[in-house]
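Reading through the structure tokens given below for one structure.
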Amino acid sequence: MNMKVILTAKETGDRFSEKEPVSFSEGRASTHIQLDRELKYQEILGFGGAFTEAAAHSLSLISPEKRKEIIHRYFDPSEGLGYRFGRTHINSCDFSLGNYTYVEDGDTSLQSFSIDREKKLVIPLIQEAKEVAGGELSIVASPWSPPPWMKTNGEMNNGGKLLPEFQSLWADYYSKYIEAMEEEGIGIWGLTIQNEPEAKQVWDSCLYTGEEERDFIKDHLGPSLVGHGHGDVKVIIWDHNRDVIHERAKAVLSDPEAAKYVWGTGVHWYVSEEFENLSKVHQDFPDKHLIFTEGCIEGGVRPGAWDRGERYGRNIMGDLNNYLEAWIDWNIVLNEEGGPNHVGNYCDAPVIVDTVNDEVRYNSSYYYIGHFSKYIKVGARRIGCQISNDAVSAASFENPDGEIVVVVMNAGEREEEISLGCGEGNFSTTLPLHSIATFIIG
């Protein structure tokens, strides 16, 4: 039995490089990873990224050849990252070209509802990605804000709350959106109630307490979705950071009338790396699911920064080792500034396009994501994995075809000798400094 090795490393120039296979050996290294394929955890649903207006706009400004290349390098199941998930925004978000909604001001009938704005940039991008992926993508849709006239502050930005008299109307808005997207050939797999419901942002935002989210779901959104024939769409709560995910999940899921409509809890990575909080949610509500719905690195573009990839690797691994089932990055593409963003909240992305010079750069984060998404197949199960020390970090999976996939990361300043125990023998190899490797045992 041999072990296939795929390596990405800062110093050696390796990027998804397939190395010489490693054979069984007797000895163990001081850093030993022991696998237990009998110990099975959550099923993995897949990986993906966000289709924002900013991403779609940036891709519209480069040559058709480079646009096609990027979409293939994300969504192609054999040559690309194998993305199977996407996220998009209901109404505008900060990574839109400006504030917008789908209805005319004060239209309480929703007769003016139209997603024509999305047909210009976002929908064509999703359709192209679906074609490259070779089938359906699981699309999660999230609102950043209701229309201004439905809110206490009368604007989409700067927080505010949904006015009580518009709760049922806003619930119906989600169904209108689902139906409009379906008319364009795009099924909506899941909905979050509200992007970052605890953050009053200078961009599109709206605030909910846990109890307000609970009551909106059980009294308005859940019944509306079922009543419009969308009861199969997965309702995702929280959609915010790990620090208080357990408290927020508990506020909703402890209520059976609200919980019956909820598929699971969404998480972002800002503020906290308390990965164990996801396990707390799983332990209290084992019949519900966990999905990562957003993460990016703020502060604009920093070409060549290796620590950004390592942050991705650390976070994906930490979440997967705590019962996460699906992982969705934020913008799949941004421009040379880290935008466009209508309030100047520039960020980085795994792929940056220079819209002036028609150039594409794949950041370290692109490769770190790929070490998971390319090799951990839909339907894989996480399996037991014990590491003898903290010199490296690891996560292990069994794919539906029985092959074992182990992702190991060395974020240290020196190379590490490691051994991997599987069955009756061990595999021994060396991980370069600042590297990530995927080991596949057939």
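The values are calculated or read from the model by the stated rules, or taken from the named source; none is laboratory data. Nothing here was measured: the structure is a model prediction, and the numbers come from that model. Reconstructed Cβ throughout: ideal geometry from the backbone, glycine too, with neighbour counts over all protein chains shown. Ligands, DNA and RNA are excluded from the accessible area calculation, which covers all protein heavy atoms including side chains. Shrake-Rupley method; radii C 1.70, N 1.55, O 1.52, S 1.80 Å.
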Next item on the list: Assuming R0 = 41 Å, can you tell me the calculated FRET efficiency for the pair ARG15 and GLU43, based on Cβ-Cβ distance, to the nearest 0.05?
Entry: 0.90
Item checked: Shape of the range 53-105, Cα gyration tensor, a/c cut at 1.5 -> oblate
Next item on the list: Hey, could you grab the Kirkwood Rh for the chain? Inverse mean 1/r over distinct alpha carbon pairs, Å, one decimal.
Entry: 22.4
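To check you understand DSSP bridge types, tell me what percent of the beta bridges within the chain (both residues inside) are antiparallel, rounded to 5.
Close to 55 percent.
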Checklist line | Extended-chain gain in nm, criterion 0.36 nm per residue less alpha-carbon gap, GLU273 and GLU182 | finding: 29.1 nm
Check: When the Kirkwood hydrodynamic radius is evaluated over all pairs of different C-alpha atoms of the range 78-129, what value in angstrom, to one decimal, is obtained?
Finding: 13.2
Check: Modelled label-to-label distance, SER78 and LYS120, 7 Å Cα→beta-carbon offset: nm?
Finding: 3.8
Check: What is the log10 of I(q)/I(0) for the range 239-332, computed with the Debye formula using one identical point scatterer on each Cα and no solvent, at q = 0.15, 0.22 Å⁻¹?
Finding: -0.57, -1.07
Notebook entry, point to check: Along the positive direction of the dipole of the chain (beta-carbon charges: Lys, Arg +1; Asp, Glu -1; about the Cα centre), which of TRP269, GLN42, ILE328 reaches farthest?
Noted result: GLN42
Note to self: Taking the Cα centroid of the range 395-426 and of the range 5-41, what is the distance between the two, rounded to the nearest whole Å?
What the structure shows: 4
Next item on the list: Set the Förster radius R0 to 30 Å, insert the Cβ-Cβ distance between ARG361 and GLU403 as r into 1/(1 + (r/R0)^6), and round the FRET efficiency to 0.05.
Entry: 0.40
Check: What whole-number value in cubic angstrom gives the convex hull volume per residue for the C-alpha atoms of the range 42-137?
Finding: 130
Notebook entry, point to check: Just the accessible area for MET317, please: 1.4 Å probe, Å², rounded to the nearest 10?
Noted result: 10
Next item on the list: Find the Rg to Rh ratio for the range 201-245, where Rh is the Kirkwood radius over alpha-carbon pairs and Rg uses the same atoms.
Entry: 1.03
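Ignoring ligands, DNA and RNA, please state the percent of accessible area on the range 320-442 from carbon and sulfur, probe 1.4 Å.
On the range 320-442, the fraction of accessible area on carbon and sulfur atoms equals 43 percent.
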Notebook entry, point to check: In percent, what relative contact order does the chain have, based on Cα pairs under 8 Å that are 6 or more apart in sequence?
Noted result: 24
Check: So how much slack lies between LYS250 and LYS66, counting 0.36 nm per residue of separation and subtracting their Cα-Cα distance, in nm?
Finding: 61.7 nm
Next item on the list: Arrange the residues TRP263, TRP327 by how much accessible surface each exposes, largest first, with a 1.4 angstrom probe.
Entry: TRP263, TRP327
Notebook entry, point to check: Which value in nm describes the separation of the simple spin-label points at LEU97 and ASP36, placed 7 Å from the Cα toward the beta carbon?
Noted result: 5.5
Notebook entry, point to check: GNM, the chain, Cα, under 10 Å: largest mean-square fluctuation among LEU191, LEU334, LEU169?
Noted result: LEU169
Item checked: Environment charge at ARG28 (Cβ cut-off 14 Å; Lys +1, Arg +1, Asp -1, Glu -1) -> -4
Checklist line | Positive-end residue of THR293, ALA258, GLN283, charge dipole of the range 255-328 with Cβ unit charges | finding: THR293
Notebook entry, point to check: For the range 47-160, which whole percent of the accessible surface, found with a 1.4 angstrom probe, sits on carbon and sulfur atoms?
Noted result: 45
Check: Using the heavy atoms of the protein chains alone and a 1.4 angstrom probe, what is the accessible area of the chain per residue in square angstrom?
Finding: 37
Note to self: Quick check for me: using +1 on Lys/Arg Cβ and -1 on Asp/Glu Cβ, what's the dipole size of the chain about its Cα centre, in debye to the nearest 20?
What the structure shows: 500
Notebook entry, point to check: Net charge near THR108, counting Lys/Arg +1 and Asp/Glu -1 over other residues with Cβ under 15 Å of its Cβ?
Noted result: -3
Next item on the list: Report SER17's accessible area, 1.4 Å probe, all protein chains in place, as a number in Å² to the nearest 10.
Entry: 30
Note to self: Under the rule a/c < 1.5 gives rounded, and otherwise a/b versus b/c splits prolate from oblate, where does the range 310-365 land using the Cα gyration tensor?
What the structure shows: prolate
Notebook entry, point to check: Given the options SER224, SER365, SER109, which has the most mean-square fluctuation in a GNM of the chain, springs set between C-alpha atoms less than 10 angstrom apart?
Noted result: SER109
Item checked: For SER428, residues with placed amide H under 5 Å, excluding near neighbours -> SER25, LEU420
Next item on the list: Note down the relative contact order for the range 96-193 as a percent, whole number, built from C-alpha pairs under 8 angstrom at least six residues apart.
Entry: 30
Check: Give or take rounding to whole Å, what are the principal axis extents of the alpha carbon atoms in the range 96-251, in descending order?
Finding: 40, 36, 33
Next item on the list: Could you list which residues have their amide H under 5 Å from that of LYS151, counting only those 5 or more apart in sequence or on another chain, with H placed in the peptide plane?
Entry: LEU163
Check: Relative contact order, percent, of the range 245-323 when contacts are C-alpha pairs under 8 Å separated by at least 6 residues?
Finding: 35
Notebook entry, point to check: Expressed in nm to one decimal, what extension gain is obtained for the pair LEU110 and ASN345 from 0.36 nm per residue of sequence separation less their Cα-Cα distance?
Noted result: 81.5 nm
Note to self: Would you work out the Kirkwood radius for the range 357-442? I mean one over the mean of 1/r across all pairs of different Cα atoms, in Å.
What the structure shows: 14.1
Check: Which of the listed residues, HIS246, ALA305, SER224, is farthest toward the dipole's positive end in the range 171-327, when Lys, Arg count +1 and Asp, Glu count -1 at the beta-carbon?
Finding: ALA305
Next item on the list: Springs between alpha-carbon atoms under 10 Å, Gaussian network over the chain: tell me which of GLY106, GLY313, GLY264 tops the mean-square fluctuations.
Entry: GLY106
Checklist line | Charge tally in the Cβ shell below 13 Å around ALA50, where Lys, Arg are +1 and Asp, Glu are -1, ALA50 excluded | finding: -4
